[in-house]
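*Asks:* Let me begin by handing over the structure; questions about it come next.
Read the figures in this text as sums done on the coordinates, not as results from a lab. Just so you know, these numbers come straight off a predicted model, no measurement behind them. Glycine also receives a Cβ, built like all others from the backbone with ideal geometry; neighbour counts cover every protein chain displayed.
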Ligand code: PEP
Ligand code: MN
């Protein structure tokens, strides 16, 4: 439910309304707009005494939030959220490119990839130190060593970095080093992980589950906002369909649907969705055309071999 305050309502009036809501058992989330302040109230509607609220000074109206997700909803907040990842704003008018190797393998490999993606126009470095692998025999990541390498490369290149936490046990360590914590597709509905990562206050890059509906994805983001952290970046990374020509099916309509229903920034991963470096550029362009706030691109050592040298024209093309 949303309590809309009258234009010019005083801070004292807003606080009084918040206090009454807390007394009724609600969690409150005031959003201070340029003209009006609204207070998001999350809790059991049955406990609400709307008469007592509507008569408080400064209250204009009480509006229910129809969607199952509340804090991430545009019904509550109509202006786009801008998440600051290191110094880089994600959301709003700009386009952010995050890029780097799939997994951190060595400092040399990471530094080479970081330099290449920076020269190509990327503003944020990505790289996994904890990898969510289908096979237990695949390389699982360098863990803290990898995080240290990411931190040294950040120092050297000035690029903030995002990296994944695959388990609640990794969260404190990842939060110690990273500028943003990635929650991978396979963990989108690991609710304890969402809460613990959210509680660090770090920006969270929340990838869409490979079999998750848009509503389930937004409900997962709701867990993070409910933990008191409004800094969530959504990432469409493809879903499972009957199609086998690509690794997953990149659902670009999801970008437009999310934009319509949520104020959170949304970026697109053309690498993991397609599984083919040849498809990265066309899908990156399509993502930007669909309204994405940014891209996250794997530039593994294999891709580097296929694409020698900085490709600044590629990144510039994403912006066109
Ligand atoms: C990744 O970005 O490193 C990754 C594993 O992606 P996803 O969780 O989308 O598969
Ligand atoms: Mn990868």
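*Asks:* Describe numerically, in nm with one decimal, the distance between label points set 7 Å from Cα along Cα→Cβ at residue 151 and at residue 45.
*Replies:* 4.8 nm
*Asks:* What distance in nm separates the simple spin-label points at residue 115 and residue 36, each placed 7 Å from Cα in the Cβ direction?
*Replies:* It works out to 5.5 nm between the two label points.
*Asks:* By how many nm would the segment from residue 4 to residue 168 grow when fully extended, if each residue of separation counts as 0.36 nm and the alpha-carbon distance is taken off?
*Replies:* Value of the extension gain: 55.3 nm.
*Asks:* Output the peptides 131-140, 261-270, 187-196 sorted from most to least packed, where packing is the average of other Cβ atoms within 10 Å over each peptide's residues.
*Replies:* In decreasing order of mean packing, 131-140, 261-270, 187-196 become 261-270, 187-196, 131-140.
*Asks:* Just rank 74, 169, fewest to most, by other beta-carbon atoms within 10 angstrom.
*Replies:* If I rank by nearby Cβ atoms, fewest first, I get 169, 74.
*Asks:* In terms of the Cα gyration tensor, with a ≥ b ≥ c the square roots of its eigenvalues, is the chain rounded because a/c is under 1.5, prolate because a/b exceeds b/c, or oblate?
*Replies:* Note, shape of the chain comes out prolate.
*Asks:* As a test, work out the antiparallel percent of DSSP beta bridges whose residues both lie in the stretch 83-319, rounded to the nearest 5.
*Replies:* Just about 15 percent of them are antiparallel.
*Asks:* Using 1/(1 + (r/R0)^6) with R0 = 41 angstrom and r between the beta carbons of residue 140 and residue 246, what's the FRET efficiency to the nearest 0.05?
*Replies:* Rounded to the nearest 0.05, the efficiency is 0.95.
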